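Notes for the one structure printed next.
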Amino acid sequence: MELGLYLHFPYCISKCPYCDFNSYQLKEDNKISSYISALHQEIAAYSQKLKKSNIKTIYLGGGTPTILSGTQIFNILEFCKENFMVEKDAEITIEANPGTVDGEKIKLLIDSGINRLSLGAQSFNNMFLKKLGRIHNTQEIIDSYYLAREAGFKNINIDIMFALPDQTTEDLQVTLKKAVSLKSDHLSLYNLTIKPGTEYYKEYKRGKLKLPTEDEEYDMFNWAINYLEENGFEHYEISNFARPHNRSEHNLIYWQNKPYLGVGAGAYSFIRGYRYMNYEEPARYIKEVTSGKSPIEDGEKLSLRKRMIETIILGLRTKDGVIYKKFITRFKVDINNTFHKQIKKLVNLGLLQRDDNRIKLTRKGIFLADTVFREFVG
Ligand code: SF4
């Protein structure tokens, strides 16, 4: 079996007001060492069960994994290599927040075998960075970027958010022009969504956040897709753009609905048709693991129908779409028969296009992807 390995680090320097990820402001440094011990224990527990699996990619995400010291990150990856069969040319990504890396740490990241850096820039406008509660400013993004480049990172992603409160298309244009001028290898572009439980949600409910209208958001995204494509990026997934040969291998595992193992608080896994999730809260996760129990809180064996629907929804997120032959090989049924009604309706609405090999989203379908996905879920 081939696997992607995800390692979750739930701590951040501060909690951004829009963030609903499984992340917490780090108040006591000693939490990190007990969390790392638990991670080691969980990895060791999997090593026997998965010793014949090839790890094709590793992704250190969070939270802010770079809140750890370079040595801690180095040791975790060494431990992964001792316990799993990590492929020699595995893509190993770390998410990094500008302001949490310096020259020494970057060097240790490279020495650990990390070959892809994902920089959480979010904006190149200091006013928006401040409103987003980010700990860095524009200059720190640029400094971190060049630090990584000069240290030898050949594959750098920049994360940008749009549809921010009070943001105009012109504001986004300035940010994307700056991001493109850095010549990163990959760019992720996510629209801000207001999630329950966040500070932004409370402000939004009190009428304090002025968000762009749907039409304005459409204009921003449309402009961004055209601009990034004109500048050599391939729009290969709804929110992701890559220079040639720089698609994210790890994320492709998710979008192709292939198996992955998630380790750490709240991490999801999908192995042999089972989807399961660890306890979210780090203290609970640590308690379960260190007392020798499984940290899995919940899981289910996905029915064939559910796996087919997930494969379609995830595949449609990508430019490659869903390829008929691959679908038949995997599920032994023809997608055009089993989902005939949904496909016909979505093609007629101009949201899906089909040719002899595949179905994929149209440009209109990309903007209305949720409507398309709902049609398959039924
Ligand atoms: S740095 Fe990232 S994970 Fe941490 S609070 Fe901000 S958005 Fe969430």
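The values are calculated or read from the model by the stated rules, or taken from the named source; none is laboratory data. These figures come from a predicted structure and were not determined experimentally. FYI the Cβ positions are ideal-geometry reconstructions off the backbone, even for glycines, and counts take in every protein chain you see. Just the protein is used for accessible areas: all its heavy atoms, side chains included, with ligands, DNA and RNA removed. Shrake-Rupley method; radii C 1.70, N 1.55, O 1.52, S 1.80 Å.
Heavy-atom surface analysis with a 1.4 Å probe gives the chain a carbon and sulfur content of 50 percent of its accessible area.
Heavy-atom accessible area per residue, region 273-378, 1.4 Å probe: how many Å²? Display every interim value, and only then the final one.
Details: 6030 Å² over 106 residues.
With the other protein chains kept in place, region 273-378 gives 57 Å² per residue.
Volume per residue for region 178-286 equals 169 cubic angstrom (convex hull of Cα atoms).
The residues of region 196-244 present an accessible area of 57 Å² per residue when probed at 1.4 Å with all protein chains retained. Taking the Cα centre of each part, how many Å lie between region 1-77 and region 259-316? Measuring centre to centre over Cα atoms gives 15 Å. A probe of 1.4 angstrom, applied to the heavy atoms of all protein chains, finds Lys202 with accessible area near 100 square angstrom. From the C-alpha coordinates alone, can you work out the Kirkwood hydrodynamic radius of region 223-292, in Å? Evaluated on region 223-292, it is 14.7 Å. So how exposed is Ser181, as accessible area in Å² (1.4 Å probe, rounded to 10)? Rounded to the nearest 10, that gives 60 Å². Assuming charge only on the beta carbon of Lys and Arg (+1) and of Asp and Glu (-1), the dipole of region 1-47 about its Cα centre is about 180 debye to the nearest 20.
Give the residues of region 359-378 whose amide nitrogen is closer than 16 Å to a point set 7 Å from the Cα of Ser303 in the direction of its Cβ. Only 376-378 pass the distance filter.
Distances between placed amide hydrogens fall under 5 Å for Glu297 paired with Met277, Asn278, Tyr279, all partners being 5 or more residues away or on another chain. Karplus-derived 3J(HN,Hα) values for region 246-261, using 6.51 cos²θ - 1.76 cosθ + 1.60 with θ = phi - 60°, are 10, 4, 6, 4, 5, 5, 4, 4, 5, 5, 8, 6, 9, x, 8, 10 Hz; glycine and proline are entered as x. So who's got an amide H within less than 5 Å of the one on Phe9, skipping anything under 5 residues away but keeping other chains? H placed 1.01 Å off N, in plane. Residues meeting the criterion, in which the H sits 1.01 Å from N, are Gly61, Gly62.
Panel note: the C-alpha atoms of the chain, placed on their principal axes, show extents of 57, 49, 43 Å (largest first). Go ahead and run the numbers for FRET between Asp166 and Asn226, Cβ-Cβ distance against an R0 of 22 Å, rounding to 0.05. Plugging the Cβ-Cβ distance into 1/(1 + (r/R0)^6) gives 0.40. Compared with the direct C-alpha span, the chain from Glu216 to Phe376 gains 54.8 nm at full extension, assuming 0.36 nm per residue. Rolling a 1.4 angstrom probe over the protein heavy atoms with all chains in place gives region 1-89 an accessible area of 45 Å² per residue.
Under a 5 Å amide H cut-off, with hydrogens placed 1.01 Å from N, Asn155 pairs with Leu117 among residues at least 5 apart or on other chains.
With Cα atoms defining each centre, region 90-130 and region 146-167 are spaced 8 Å apart in the structure. Across region 130-143, computed HN-Hα scalar couplings (Karplus, 6.51 cos²θ - 1.76 cosθ + 1.60, θ = phi - 60°) run 5, 4, 7, x, 6, 8, 10, 10, 4, 4, 5, 5, 4, 4 Hz from first to last residue, x flagging Gly and Pro.
Using C-alpha pairs below 8 Å separated by at least 6 residues, the relative contact order for region 123-233 is 29 percent.
As a quick test, which of the pairs Lys258/Lys319; Lys31/Lys202; Lys319/Lys341; Lys27/Lys205 have an alpha carbon distance above 20 angstrom in this structure? Intermediate values should be presented prior to the final figure.
Numbers: Lys258/Lys319 17 Å; Lys31/Lys202 29 Å; Lys319/Lys341 22 Å; Lys27/Lys205 29 Å.
From Lys258/Lys319; Lys31/Lys202; Lys319/Lys341; Lys27/Lys205, over 20 Å: Lys31/Lys202; Lys319/Lys341; Lys27/Lys205.
Cα centroid separation, region 168-229 to region 322-378: 27 Å.
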